[in-house]
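Take a look at the structure below.
The values are calculated or read from the model by the stated rules, or taken from the named source; none is laboratory data. Predicted, not measured: the structure shown is a model, and the values here were computed from it. Because the Cβ atoms are built from the backbone with ideal geometry, glycine has one as well, and the counts that use them run over all protein chains shown. The area values use the complete protein model at the heavy-atom level, side chains included, leaving out ligands, DNA and RNA. Shrake-Rupley method; radii C 1.70, N 1.55, O 1.52, S 1.80 Å.
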Amino acid sequence: MPLHSNALLRQDADLTALNTFGVSAKARYFCSVSSLGDLQAALRDPRVRSLPVLVLGGGSNVLLTRDFPGLVLHVRLLGKRQIDDAGATASFEAAAGENWHEFVLWTLAQGYSGLENLSLIPGLVGASPIQNIGAYGVEMKDHFIALDAYDLRRNMVVQFGPSQCEFGYRDSVFKRGAAGRYFILAVRFRLPRAGALRLDYGEIRAELARSGIGSPSACDVSAAVCNIRRRKLPDPALLGNAGSFFKNPIVSTERANELTTRFAAMPHYAAGSGRTKLAAGWLIEQAGWKGKRIGNAGVHAEHALVLVNHGGASGAEILALARQIQDAVQEQFGVELEPEPVIL
Ligand code: EPU
């Protein structure tokens with residue numbers, strides 16, 4: 001690694017351990033950002049001024065298909081705190097580099113609920129608003145108050161409230177118009193002390209019943225979600241993956257009705273205003289791709305929505321597999337699958 005006057009920047013840094021797919025790729029310049037000062041100093045370095053910038057958190061929602069020709073900013077900002085106590089609710093703040101799951105467990109340990117259904121989602125707090133992480137009937141936006149972000153274009157800290165984030169299903173302004181423009185610094189949430197638990201997602205009740213729990217606490221729900229996830233989703237430490245590789249497609253209800261006439265068993269969920277959400281995992285499984293492997297890339301045997309690196313797969317290999325799956329689902333069902341991770 002060449003030494004430079006600005007020791008904050010590393011050159012030709014290996015990103016293999018920093019993406020959960022475990023694909024190898026390098027960053028031309030790399031900076032580990034532990035403070036706002038680090039961020040500003042890195043951005044001032046003349047070597048990177050005209051280069052593209054990539055903010056990398058837990059690397060659990062990114063597919064690197066080649067070396068990154070610019071500056072990778074690795075989110076390492078730490079710290080979490082309770083901001084206020086309004087009796088029935090309290091607000092909390094976590095720095096962007098805090099591990100999401102540990103933050104969830106910490107809020108539960110403080111006696112607050114709300115985030116239990118989002119247990120064990122890989123990645124960092126700072127990434128949670130970008131795709132509005134969601135699972136088992138709850139989305140991050142349900143408890144979001146605001147976030148602080150550094151505007152990389154105007155070089156200043158700005159605040160985003162819920163409406164400015166334009167949250168949607170697996171979506172926000174940070175994936176669209178504002179993509180790449182902001183470095184999220186900290187996120188704030190409001191959580192109830194004794195909130196209603198969301199058990200409507202079938203598997204949760206079944207899992208609680210299996211453990212013999214009749215009137216669950218938020219911590220019980222968290223444990224149930226962890227059990228379900230551990231059973232179905234591969235641990236990236238053991239098998240490289242980025243969780244769901246595709247979003248569940250949302251089609252017109254008319255189109256969904258045509259499909260359910262042809263495929264009676266097809267899962268479908270009302271998505272509001274004449275739209276219906278389909279299960280991408282089901283579509284992929286029916287198209288015959290569950291558990292398939294092409295070279296070192298494959299489709300997980302327990303959940304067809306998860307693409308895996310069996311060892312040594314390149315990002316391009318995983319992307320090629322994804323394209324074949326998209327074509328197969330398009331051909332059989334006439335439905336377009338959209339990748340969920342950021343593809344670079
Ligand atoms: N299904 C199949 N075959 C499969 C996988 C799923 O037939 O291989 C069927 C299931 O039987 C079920 C339906 O598809 O009827 C939905 O499956 P599941 O409940 O497992 O949820 P999902 O829609 O596939 C979404 C999220 C997950 C989240 C779960 C639980 C997306 C893209 N994915 O998956 O998020 O954990 O719901 O809420 O919305 C992630 O983003 O990484 C992730 C794991």
Revision key, fill the gap. Taking a straight Cα-to-Cα line shorter than 15 Å from K232, and setting aside same-chain aspartates and glutamates fewer than 8 residues away, one finds E203, E207, E285, E302
Revision key, fill the gap. Counting only DSSP loop positions in segment 1-63, the trypsin sites (Lys or Arg not before Pro) whose Cβ has at most 13 other Cβ atoms within 10 Å are R49
Review point. So how much accessible area does H303 have, in Å² to the nearest 10, using a 1.4 Å probe?
Key: 40 Å²
**Study point:** Euclidean distance of C-alpha centroids, segment 131-151 and segment 16-65, integer Å
**Key:** 22 Å
**Study point:** Karplus 3J(HN,Hα) series, Hz, for segment 26-35 with 6.51 cos²θ - 1.76 cosθ + 1.60 (x for Gly, Pro)
**Key:** 10, 9, 4, 10, 9, 9, 8, 9, 9, 7
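Of D171, D14, which has the most accessible area with a 1.4 Å probe, and how do the rest follow in descending order?
D14, D171
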Revision key, fill the gap. Looks like segment 5-121, by Cα gyration tensor root eigenvalues a ≥ b ≥ c and the a/c under 1.5 rounded cutoff (else prolate when a/b is bigger than b/c, oblate otherwise), is oblate
**Study point:** Long-range amide H partners of I145 with built H, under 5 Å
**Key:** R188, F189, R190
Review point. How much area per residue is accessible in the chain when the probe is 1.4 Å and only protein heavy atoms are counted (Å²)?
Key: 45 Å²
Check your understanding: If you plug each phi of segment 77-92 into the Karplus form 6.51 cos²θ - 1.76 cosθ + 1.60 with θ = phi - 60°, what whole-Hz ³J(HN,Hα) values come out, in order, with x for Gly and Pro?
Key -> 6, 10, x, 8, 7, 8, 8, 8, 9, 9, x, 6, 9, 8, 10, 9
Review point. Residue-wise, which Karplus ³J(HN,Hα) couplings in Hz belong to segment 289-296, taking 6.51 cos²θ - 1.76 cosθ + 1.60, θ = phi - 60°, and x for glycine or proline?
Key: 9, 4, x, 6, 9, 10, x, 9
Check your understanding: Radius of gyration and Dmax for segment 178-243's Cα atoms, expressed in Å?
Key -> 16.4, 48
**Study point:** Coil-residue GluC sites (Glu not before Pro) of segment 201-289, DSSP, other Cβ within 10 Å capped at 11
**Key:** none
**Study point:** Amide H contacts under 5 Å for E166, placed H, 5+ residues apart
**Key:** V173
**Study point:** the chain - percent relative contact order, Cα under 8 Å, separation 6 or more
**Key:** 16 percent
Point to revise | Rounded if a/c under 1.5, otherwise prolate or oblate - the chain, Cα gyration tensor axes | key: oblate
Revision key, fill the gap. E98 neighbourhood, Cβ < 13 Å, K/R = +1, D/E = -1, net charge +2
Check your understanding: For the chain, what is the calculated [θ] at 222 nm in deg cm²/dmol (nearest 500), taking -39500 (n - 2.57) for each run of four or more DSSP H residues and dividing by its residue count?
Key -> -7000 deg cm²/dmol
Exercise for review: Under 11 Å from the Cβ of A88, count the other residues' Cβ atoms, weight Lys and Arg +1, Asp and Glu -1, and hand me the total.
Suggested key: +1
Exercise for review: Report in % the part of the accessible area of the chain that belongs to carbon and sulfur, leaving out ligands and nucleic acids; probe 1.4 Å.
Suggested key: 50 percent
Practice item. Filter the trypsin sites (Lys or Arg not before Pro) in segment 68-172 to those in DSSP coil with at most 10 other Cβ atoms within 10 Å of their Cβ, and list the result. Key: R153, R154
